[in-house]
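First comes the structure, then the notes that go with it.
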2 protein chains.
Amino acid sequence: VIGEHSRVAAELLRRLHRGPRPLLLVNVWDVASALVIERADFPAIATSSSAIATSLGYPDGEVISATEMLDVVGRIASRLQVPLTADMEAGYGGSAEAVSQLASRLIEVGAVGLNLEDGTDPDGRLVDPEAAVANIEAVREAGASLGVPLVINARTDAFLVLTDDPREALSEALSRLARYRDAGADCLFPIGARDAATIKVLVAELGFPINILAGPGAPTIGELEDLGVARVSLGGGPHRAALATLERIAEELRYAGAYDSLVGALTHADLDELVSRSWR
Amino acid sequence: VIGEHSRVAAELLRRLHRGPRPLLLVNVWDVASALVIERADFPAIATSSSAIATSLGYPDGEVISATEMLDVVGRIASRLQVPLTADMEAGYGGSAEAVSQLASRLIEVGAVGLNLEDGTDPDGRLVDPEAAVANIEAVREAGASLGVPLVINARTDAFLVLTDDPREALSEALSRLARYRDAGADCLFPIGARDAATIKVLVAELGFPINILAGPGAPTIGELEDLGVARVSLGGGPHRAALATLERIAEELRYAGAYDSLVGALTHADLDELVSRSWR
């Protein structure tokens with residue numbers, strides 16, 4: 001029954017990448033943040049791996065273990081009515097076999113989609129795209145064997161690594177993302193690509209759903225929609241904005257002895273009701 | 001050696017209740033939030049039990065287990081240089097023996113102070129103050145036997161429960177807090193007392209450090225200092241303000257297609273550096 005519920009949720013999440021409007025994702029890091037976004041009527045929820053890692057005290061970049069990451073993802077998934085897609089970095093372990101196991105565990109904890117990045121080696125160089133292709137195929141197969149067709153958002157770090165030569169970065173991203181698309185990804189994520197001209201080429205050349213990481217300085221949602229972008233996410237930005245609010249509260253308390261930065265906070269009763277409602 | 005470190009930290013936290021200025025506490029809920037407050041140069045850190053519980057998906061009020069609460073407290077304590085005091089609600093278990101064990105576990109995970117409330121029974125009535133006295137004595141003895149003199153912030157819920165009759169609430173709070181003081185508490189916490197006249201009576205009658213839960217509408221820090229308040233905390237307010245920021249980000253994204261609410265967020269590099277620095 002859980003398998004059937006997840007299968008339906010995965011198909012719903014997949015369809016949201018093919019709708020008339022871009023799928024908007026406000027990335028969360030714990031149950032409370034996920035419930036706030038669900039209540040704001042978003043049709044799906046995404047985690048941010050950097051937000052989850054740092055909230056638990058780990059630097060970004062697979063310092064956290066897969067088990068701890070899955071614990072948080074599962075805790076969130078168990079409380080949501082809408083589909084959850086989890087940022088699983090580069091798969092926590094390298095081999096396609098490890099990634100296959102990760103995909104099975106992800107399904108077990110109730111997520112129905114994931115981000116999977118090609119990423120970099122210890123020297124900061126992009127890893128062989130063949131490894132990323134094998135990982136995508138491993139997820140696809142694990143999902144098929146468990147009857148939950150996980151929605152794969154395949155990310156390339158080309159724009160993060162090849163910063164000296166935007167033309168080379170675009171070329172590398174196009175080459176990699178085409179392979180990830182052909183390996184069975186559902187959406188392609190060129191993290192670091194933000195200008196309209198680059199996005200336009202990516203959409204046109206790949207002819208496939210594209211995820212753009214947005215934030216201050218990025219094209220508006222209307223502009224991204226006009227460019228044909230299928231999915232927009234905010235990464236760790238919301239978590240870091242929430243922490244900036246905390247910092248402002250602390251500074252105001254310390255230097256002005258006042259509490260204006262706390263005005264507009266959720267009330268205790270409101271948050272408690274939000275959490276209690278989803279408590280089983 | 002850990003015992004000696006904690007003993008010194010407990011004494012430091014205790015002294016901060018007897019300084020010329022009130023001890024200001026911005027309550028946190030995870031490692032990232034704690035590191036943000038520590039970096040803002042606060043001399044001690046406090047947790048909020050409601051913030052920790054709701055971030056993990058539990059309603060407030062001891063629905064979370066002591067073990068899960070201690071896991072979060074320990075995770076935070078392991079990363080801080082400054083003393084950590086943890087909100088332990090009514091002690092998660094009722095008996096003084098259970099509270100004694102809780103105090104020992106709290107010391108083991110690295111906290112050096114705690115909030116302990118008298119609280120209410122399932123019918124919403126204040127519990128017998130004798131039980132709260134026994135709990136305070138149990139914490140005092142556990143701390144002494146382990147060589148870590150835990151700083152006890154003894155809270156009464158009188159003002160939360162006796163809302164119909166402010167005069168009765170004040171009388172009940174004074175009676176209870178005097179007993180908690182005499183049982184070995186280090187600071188007295190009349191949660192719900194916020195007006196200057198009431199605070200003035202509490203400080204004068206008890207002649208002992210008082211903790212005020214502040215926020216919008218409360219006297220300023222300068223006013224609380226003039227009233228003789230020793231300690232000011234913000235409870236779950238900062239966490240709920242951070243969630244309100246998340247809600248604003250989501251609403252702006254959805255209805256305006258824009259990202260202005262993300263302006264001023266901590267940068268990825270800044271947060272990663274903050275976490276990495278404390279990573280051992």
Scanning segment A:141-186 residue by residue, those among the β-branched types (Val, Ile, Thr) and either in a helix (DSSP H, G or I) or over 18 Å from residue A:112 (Cα atoms) (or both) turn out to be A:156, A:161, A:163
If residue B:237 satisfies every condition in (1) more than 9 Å from chain A (Cβ to nearest Cβ); (2) more than 27 Å from residue A:213 (Cβ to Cβ) but one, which is the exception?
-> (1)
Where a residue in segment B:217-228 is touching a residue at least 60 places away in the same chain (Cβ under 8 Å) and its partner, wherever it lies, is buried (at least 19 other Cβ atoms within 10 Å of the Cβ) and not in a loop (DSSP other than H, G, I, E, B), with Cβ under 8 Å and at least six apart | B:221/A:253; B:221/B:24; B:221/B:232; B:224/B:199; B:224/B:212; B:224/B:232
Any idea how many residues of segment A:16-48 are aromatic (Phe, Trp, Tyr) and in contact with a His (Cβ under 8 Å, 6 or more places away or on another chain)?
-> 1
Restricting to segment B:39-96, what's the tally of residues that are on the phi > 0 side of the Ramachandran plot and open to solvent by 10 Å² or more (accessible area, probe 1.4 Å)?
-> 6
Would you mention how many residues in segment A:137-170 are among the polar types (S, T, N, Q) and open to solvent by 70 Å² or more (accessible area, probe 1.4 Å)?
-> 2
Those residues that are out of contact with any helix residue (DSSP H, G or I) (no Cβ under 7 Å at 6 or more places or on another chain) and of a type in the set (Gly, Ala, Ser), I need them from segment B:139-164; list them, please.
-> B:144, B:145
Going through segment A:186-205 one residue at a time, which ones are in contact with a Leu (Cβ under 8 Å, 6 or more places away or on another chain) and either among the hydroxyl-bearing types (Ser, Thr, Tyr) or more than 22 Å from residue A:237 (Cβ to Cβ) (or both)?
-> A:198, A:200, A:201, A:203, A:205
Do any helices (runs of 4 or more DSSP H) entirely within segment B:214-278 hold 2 or more residues that are among the small types (Gly, Ala, Ser), at pLDDT 95 or above and open to solvent by less than 50 Å² (accessible area, probe 1.4 Å), and if so, which?
-> B:237-256
Has segment B:268-279 got at least one residue that is at the interface with chain A (Cβ under 7 Å from one of its Cβ atoms) and under 28 Å from residue A:43 (Cβ atoms)?
-> yes
Those residues of segment B:74-91 which are out of contact with any Asp or Glu (no Cβ under 6 Å at 6 or more places or on another chain) and either at pLDDT below 95 or closer than 17 Å to residue B:139 by Cα (or both) amount to B:84, B:85, B:86, B:87, B:88, B:91
Give me the pairs: first residue in segment B:261-275 and touching a residue at least 60 places away in the same chain (Cβ under 8 Å), second residue assigned to a helix (DSSP H, G or I) and surrounded by fewer than 20 Cβ atoms within 10 Å (Cβ to Cβ), beta-carbon distance under 7 Å, and six or more apart or on different chains, which are they?
-> B:274/B:39
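The values are calculated or read from the model by the stated rules, or taken from the named source; none is laboratory data. Keep in mind it's a predicted model, so treat the numbers as computed, not measured. No Cβ is skipped: glycine too gets one built from the backbone with ideal geometry, and neighbour counts run over all protein chains shown. Ligands, DNA and RNA are excluded from the accessible area calculation, which covers all protein heavy atoms including side chains. Shrake-Rupley method; radii C 1.70, N 1.55, O 1.52, S 1.80 Å.
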